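Have a look at the structure below before the remarks.
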Amino acid sequence: MKKSIFYIIALALISALSACESEIELDVPPGEEQIVIEGRIEAGMPPIVLVSTTRGFFEPATAADVAASYIDDAEVFVNDIALSRICASEIPQELLPLFIEITGIEGINIETFPICIYVGTETEQFGVENTTYQLKVNAKGHTLTSKAHIPSLVRPDSVWFRLWANSNRFGYCFAYLTDPATLGNNYRAFTRRIGPNQNENPVDPTFYAPLGGVFADDFFNATTVEVGIVRGQPGNSSRPTDTGESARFFEKGDTFVLKFCSTDAGTYDFFRTLEAQQGANGSPFAAPNNVISNINGGLGIWAAYVCSQDTVVVAP
């Protein structure tokens with residue numbers, strides 16, 4: 001009898017709540033358009049900069065729509081030296097991996113993709129260790145500025161592969177890192193699986209930054225620490241190795257490269273907060289987080305790196 005009464009009350013409550021439902025339409029005003037900078041300079045490499053505009057959350061996101069948001073008539077300067085505009089169909093083969101890395105755009109015909117980048121083509125424009133680089137961009141009547149510093153290189157003492165937990169196939173990359181005695185050293189790691197692999201895993205066309213691959217020496221200054229690094233992979237990848245049990249793992253038989261970079265505080269803050277936002281994944285229970293940009297007058301990042309590369313061959 002008590003159970004029957006409980007069910008009747010529950011049904012009555014559900015019916016009452018259903019009767020209170022009403023359709024609400026929200027008119028979300030479009031946000032103010034802003035200019036976005038995606039730029040980087042690496043020791044031994046030319047500066048490369050993309051200039052675009054923000055897009056509305058509900059706007060179409062086809063390849064053509066995204067390409068239309070990029071600005072191809074900007075004026076871009078690094079240390080007061082103008083960069084050259086190069087459109088996708090003209091990008092040199094040696095710059096394609098860097099183009100993919102900075103844009104995240106791959107799997108399309110670059111030669112027919114209507115997007116232009118700004119690149120330093122003179123030797124004097126290539127990045128140099130312990131040097132500061134001033135960026136200035138004139139676009140759509142606005143001037144944007146930024147500053148980034150290529151620090152001294154801190155290279156891992158050693159790099160290796162280790163099986164994870166009880167797996168006999170999958171594992172991560174590990175490295176010993178001796179941090180200098182100066183506080184404020186910032187790091188970012190990238191990985192790239194290369195061939196020939198002694199398994200069927202695909203090779204990567206460029207380096208990918210793994211989640212958790214950006215960190216600072218706040219808690220281990222002037223000490224030697226062991227750092228674990230997961231495998232970087234393209235965002236929203238549909239490759240079986242990026243979606244199945246091997247996602248973010250390296251596997252026995254792989255050959256991969258760890259690109260380990262020292263960077264400045266502005267670059268660290270941007271990617272640290274970007275990873276925090278990605279990790280929240282829109283959860284209403286996550287702490288609110290804004291990405292920290294180092295662009296004055298706009299959004300985005302002007303990043304600076306000096307990097308080392310170590311190749312690891314994992315025995316099958």
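Read-outs: derived from the displayed coordinates by stated rules, not from any lab. What you see is a predicted model, and the numbers here were worked out from it, not measured in a lab. We place every Cβ from the backbone using ideal geometry, glycine too, and count neighbours over all the protein chains shown.
Remark: the Cα gyration tensor places the range 147-209 in the oblate category, a/c being 1.5 or greater and a/b not exceeding b/c. Overall dimensions of the range 197-291, expressed as equivalent-ellipsoid semi-axes from the Cα gyration tensor (√(5λ), whole Å, largest first), are 26, 20, 12.
The Cα atoms of the range 116-170 cover 58, 27, 20 Å along the three principal axes, with the biggest extent listed first.
Taking every pair of alpha-carbon atoms in the range 203-254, give the share separated by more than 15 Å as a whole percent. More than 15 Å apart: 56 percent of the Cα pairs in the range 203-254. Would you please give the FRET efficiency between residue 176 and residue 277, computed as 1/(1 + (r/R0)^6) with r the Cβ-Cβ distance and R0 = 41 Å, to the nearest 0.05? The computed FRET efficiency comes out at 0.85.
From the Cα gyration tensor of the range 118-247, with a ≥ b ≥ c the square roots of its eigenvalues, which class applies: rounded if a/c is under 1.5, or else prolate if a/b is larger than b/c, or else oblate? It is oblate, given that a/c is not under 1.5 and a/b is not larger than b/c.
Maximal additional length on extending the residue 165-residue 221 stretch stands at 17.3 nm, based on 0.36 nm per residue less the C-alpha distance. Sorting 190-203, 123-136 by their mean Cβ neighbour count within 10 Å, with the most densely packed peptide first, gives 190-203, 123-136. Note on residue 203 and residue 315: with the Förster distance fixed at 25 Å, the Cβ-Cβ geometry gives a FRET efficiency of about 0.85.
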